[in-house]
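Please find one structure pasted underneath; my questions will follow.
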Amino acid sequence: MKRIAKYTLWLLPLALMTVAFTEYPSNRQDFEISKNLEIFANMYKELNSAYVDELDPGKVMRSGIDAMLNNLDPFTNYIAEADIEGYRLLREGTSDNIGFEFKKIDNFVTVTEIFQGLPADKSGIKIGDQIIAVDNKDIQSKSADELDYVLRGATGTSIELTVRRPGQNSDFKAKINRQEMDLPNVPYSGLVEGDIAYVSLSTFSQDAGKNIGNAVRELRKENPNIKGVILDLRGNGGGLLVEAVNLCNVFIPRNELVVTTRGKLKEQDRSFRTQSIGVEEILPLAVLIDKNSASASEIVSGTLQDYDRGVLIGQRSYGKGLVQNTVEVGYNSRLKLTTAKYYIPSGRCIQSVEYRNGEPVDIADSRRATFKTRNGRVVLDGGGVAPDIKIEQASNIPVVKALQDQDIIFRFVTDYCKGKEKIAEIKDLRFEEFDKFLAFVQKENFIFRTESEKLLEQFKQKAGAEGYELGTAVGSLESALGTAQLDLIKKHKDLISKVIEKEIAGRYYYANGRAQIGLLRDPEVHEAIKVIRDPAQYKSILKKI
């Protein structure tokens, strides 16, 4: 009896909810809720009173909550009281950035991006540096998320990092003074081949639409006879909805519908329209997207496609079109839940409908509903926005993706740049030492498991379990596959070299350098230039098929 009484108080709110639904069952749905709450409460009570081992109520309930949410989209999450402080900082942005990004590589927290002119850059930190300690406290055992929490602080305060730089014999100290910063959301804009405007947007933060509009105006002043605009949204994970509307308004007229939010509560549905005269409503437009273009990026690219205002080039976008709210659920815990979805002008929803391991899955076109653009072109829903011209991206090729995911290219460039204080200008930068890269790959024991190798591993395990002695034969096959793997890397030499060149440019010329070298070597930019320069092709893509 004592054990049951121990949990009576905890179960009281659940019991009251059950009574409320039971006493006033307005419909079948309410009855189902009431019934299942009662079953859940009774089951929990029986487990705690009769299960052979002592149960931790928090862990048992967390398992139940997680299992319930696992059936929903991966963006609907429970935030326990223990996690709420970190979530609050991320959500409210109450701490200041110190000017670099990092991740855990080879058990070291490693700097992967430096923002030009910001505190970390001023202190002399470089991409590839490893953070060993913060204020003389060792942080090697901490995760990147834990270090992120440690680095946060108020404007005007400082922090001292112990830094290890590959190629140097000793660690050094770097003092960083935190300051308020406004990271540019337009990292680069310029003229390509003298008469085509190129503008890239990294995030939909405040004034994103205005900044793109101003960049286009400035480029128009530089050359009043520009032939078209390339808008680069690759890698842009989204941001403020209002800025998506404002960016669309740069290229489409006043009072055009951009996006509608629709949820269970119809009175909360909203529509968003452009408010001003566009900056460039007629000039040919090419929009670059990839698998990391998400949310607001998809609203912009999808809306421009629905109005046949521009040609989309690249790969299918991510497929995140959700409106989310955070509500309190008691005891300082929160539920971040999806309350509505985004619908763009044709009526299609950009949200993915299927996930695997938390990531959206590209479903067959036969499972997607059809919609039409203003000109009558057929477009599909079911997750993301499909480009009008598809171009294979280097990171979509399995072996190249593996080289990036395992940080082989990043670590090679760190090693390659050791002792090089400066490099050639961007226009002259060429990576022509691919043999060095191949030697590095072999030295690092790069593992790329193709489907063939996975099947061979399964075969080896199954044959061994059944008593077959095939060690020599399987070893020969593994050796042959290893040689073929190196040949596969050689096959994609040009693509991999371009990725290496972009990484090298970033080490010396920051994000601006990566953007500039991308303009020189980028196949998607080159395709955009070709389409803009060919009015007949441009019009044929946008007309009804």
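The values are calculated or read from the model by the stated rules, or taken from the named source; none is laboratory data. What you are looking at is a predicted structure, and each value in this text was computed from that prediction instead of being measured. Cβ coordinates were reconstructed from backbone atoms using ideal geometry, including for glycine residues, and neighbour counts include every protein chain displayed. With ligands, DNA and RNA removed, areas are computed over all heavy atoms of the protein, side chains included. Shrake-Rupley method; radii C 1.70, N 1.55, O 1.52, S 1.80 Å.
What does the C-alpha gyration tensor say about the overall shape of the range 496-545? Classify as rounded when a/c is under 1.5, otherwise prolate if a/b is larger than b/c, or oblate. Working shown, then result.
On the way: a/c = 4.12, a/b = 3.26, b/c = 1.26.
Cα axes put the range 496-545 in the prolate bin.
What size of dipole, in debye to the nearest 20, comes out for the range 28-85 about its Cα centre when the only charges are +1 on Lys and Arg C-beta atoms and -1 on Asp and Glu C-beta atoms?
260
Mind jotting down the distance between the C-alpha centroids of the range 195-220 and the range 44-62, whole Å?
When both Cα centres are located, 57 Å separates them.
Separate question: Karplus couplings for the range 520-537 from phi (6.51 cos²θ - 1.76 cosθ + 1.60, θ = phi - 60°), rounded to Hz, Gly and Pro as x?
6, 10, 6, x, 6, 5, 4, 5, 4, 4, 4, 5, 5, 7, 10, x, 5, 5
Shifting gears a bit: What part of the accessible area of the chain, given as a whole %, is carbon or sulfur when the probe is 1.4 angstrom?
Working: 15020 of 29410 Å².
Answer for the chain is 51 percent, counting heavy atoms of protein chains only.
Another question about this same structure. Cross-link partners among lysines for K142, C-alpha distance below 26 Å, same-chain residues fewer than 8 apart left out?
K59, K103, K104, K122, K126, K173, K175
Going from the alpha-carbon gyration tensor of the range 272-317, what semi-axes, largest first and in whole Å, does one get by taking the root of 5 times each eigenvalue? Could the numbers behind the result be given before it?
Working: eigenvalues 76, 36, 12 Å².
Taking √(5λ) for each eigenvalue gives 19, 13, 8 Å, largest first.
Further question on the same structure: Can you give me the Cα centroid spacing of the range 247-305 and the range 312-335 in angstrom?
18
Mind putting a number on the dipole of the range 308-455 about its Cα centre? Charges go on the C-beta only, +1 for Lys and Arg and -1 for Asp and Glu, and I need it in Debye to the nearest 20. Please list the in-between numbers first.
Details: 25 positive and 21 negative charges, 132 e Å.
Dipole of the range 308-455, to the nearest 20 debye: 640 debye.
Cross-link partners among aspartates and glutamates for K35, C-alpha distance below 19 Å, same-chain residues fewer than 8 apart left out?
Reachable aspartates and glutamates: E23, E46.
Per residue, what volume in Å³ does the Cα convex hull of the range 119-175 take up? If you can, show how the numbers build up before the last one.
Working: hull volume 5.0 nm³, N = 57.
Value for the range 119-175: 87 Å³ per residue.
Report the semi-axes of the equivalent ellipsoid for the range 231-374 in whole Å, largest first, where each axis is √(5λ) for an eigenvalue λ of the Cα gyration tensor. Working shown, then result.
Details: eigenvalues 137, 73, 42 Å².
Values for the range 231-374, descending: 26, 19, 15 Å.
Could you point to the residue in G358, N375, N396 farthest towards the positive end of the range 351-408's charge dipole, with +1 and -1 charges on the Cβ of Lys/Arg and Asp/Glu respectively?
The Cα lying farthest towards the positive end belongs to N375.
Roughly how far apart, in whole Å, are the Cα centres of the range 382-419 and the range 116-151?
Taking the Cα centre of each part, the range 382-419 and the range 116-151 sit 25 Å apart.
Sorted by mean Cβ packing within 10 Å, highest first, what order do the peptides 49-59, 280-290 take?
Numbers: 49-59: 9.8, 280-290: 22.3.
Output ranking for 49-59, 280-290: 280-290, 49-59.
Taking N as the number of residues in the range 474-516, what is its alpha-carbon radius of gyration divided by 2.2 N^0.38 Å? Don't skip to the answer; put the middle values down first.
Working: Rg = 16.1 Å, N = 43, 2.2 N^0.38 = 9.2 Å.
The reported ratio for this selection is 1.75.
Moving on. For the chain, what is the accessible area per residue in Å², given a 1.4 Å probe and the full set of protein chains?
On the way: 29410 Å² over 545 residues.
Value returned for the chain: 54 Å² of accessible area per residue.
Would you please name the chymotrypsin sites (Phe, Trp or Tyr not before Pro) within the range 274-361 that are DSSP coil residues with at most 11 other C-beta atoms within 10 Å of their C-beta? Present the calculation step by step, with values, prior to reporting the outcome.
Values: sites: Y307, Y318, Y331, Y342, Y343, Y355; in loops: Y307, Y318, Y331.
Those satisfying the criteria are Y331.
Here is a follow-up. On the principal axes of its Cα set, how long, how wide and how thick is the chain? Give whole Å, largest value first.
Largest to smallest, the principal-axis extents are 81, 65, 63 Å.
Could you check the simple spin-label distance between I65 and K390, using points 7 Å along Cα→Cβ, in nm with one decimal?
Computed distance between label sites I65 and K390 equals 4.1 nm.
Right, something else. Using the charge dipole of the chain (Lys, Arg: +1 at Cβ; Asp, Glu: -1 at Cβ; taken about the Cα centre), state which of G128, G518, M61 has its Cα farthest towards the positive end.
G518
Quick one: plug the Kirkwood hydrodynamic radius of the range 291-440 (C-alpha pairs) into Stokes-Einstein at 10 °C, 1.306 mPa s, and report D in µm²/s. The partial results should precede the final answer.
On the way: Rh = 18.8 Å.
The Stokes-Einstein estimate is 85 µm²/s.
Further, regarding this structure: Quickly work out the Q324-to-D405 label distance, labels modelled 7 Å from Cα along the C-beta direction, and quote it in nm with one decimal.
Reported label-point gap for D405 and Q324 is 2.3 nm.
Take the Cα atoms of the range 313-372, build their convex hull, and give its volume per residue in Å³.
Numbers: hull volume 7.8 nm³, N = 60.
Expressed per residue, the convex hull around the Cα atoms of the range 313-372 is 129 Å³.
Based on the Cα coordinates of the range 431-545, what is the per residue volume of their convex hull in Å³? Please report the intermediate quantities before stating the final value.
Working: hull volume 22.0 nm³, N = 115.
Spelled out: Cα convex hull of the range 431-545, divided by residues, is 191 Å³.
Antiparallel DSSP bridges in the chain: what percent, to the nearest 5? Don't skip to the answer; put the middle values down first.
Numbers: 49 of 65 bridges.
Beta bridges within the chain, antiparallel portion: roughly 75 percent.
To continue, here is another question. Principal axes first, then extents: for the Cα atoms of the range 163-238, list largest minus smallest coordinate on each axis, whole Å, largest first.
So the extents along the principal axes, rounded to whole Å, are 55, 29, 23.
Another one. List the pair-distance distribution P(r) of the range 412-467, using every Cα-Cα distance, as the percent of pairs falling in each 10 Å bin from 0 up to the bin containing the longest distance, rounded to whole percents.
17, 29, 21, 16, 11, 5, 0
Less than 15 Å apart at the alpha-carbon level, and either on another chain or at least 8 residues along: which aspartates and glutamates does that give for K490?
Here the aspartates and glutamates satisfying the reach criterion relative to K490 are E432, E433, D435.
Right, next: How far, in nm, would the chain grow between K103 and R368 when pulled straight, counting 0.36 nm per residue and subtracting the alpha carbon separation?
Working: separation 265, 0.36 × 265 = 95.40 nm, distance 3.69 nm.
Extending this stretch completely gives an extra 91.7 nm.
What are the trypsin sites (Lys or Arg not before Pro) within the range 262-363 that DSSP puts in a loop, where the Cβ has at most 15 other Cβ atoms within 10 Å? Walk me through the intermediate numbers first.
Numbers: sites: R262, K264, K266, R270, R273, K291, R309, R316, K320, R334, K336, K341, R348, R356; in loops: K264, K291, R309, R316, K320, R348.
Hits after loop and neighbour filter: K264.
Quick one: putting +1 on the C-beta of Lys and Arg, -1 on the C-beta of Asp and Glu, what dipole do you get for the range 503-545 around its Cα centre, in Debye to the nearest 20? Please report the intermediate quantities before stating the final value.
Numbers: 8 positive and 5 negative charges, 45 e Å.
That gives the range 503-545 a dipole magnitude of about 220 debye.
OK, next. Can you work out the base-10 log of I(q)/I(0) for the range 199-300 at q = 0.17, 0.23 1/Å, using the Debye formula on its C-alpha atoms alone?
Log10 of I(q)/I(0), two decimals: -0.77, -1.27.
What are the ³J(HN,Hα) values, in whole Hz, obtained from phi via the Karplus relation 6.51 cos²θ - 1.76 cosθ + 1.60 with θ = phi - 60°, for each residue of the range 269-276 in sequence order, with x given for Gly and Pro?
5, 9, 10, 10, 10, 5, 10, 10
Specify which residue in the list L151, Q116, S170 is farthest towards the positive end of the charge dipole of the range 107-220, using unit charges on the beta carbon of Lys, Arg (+1) and Asp, Glu (-1), about the Cα centre.
S170
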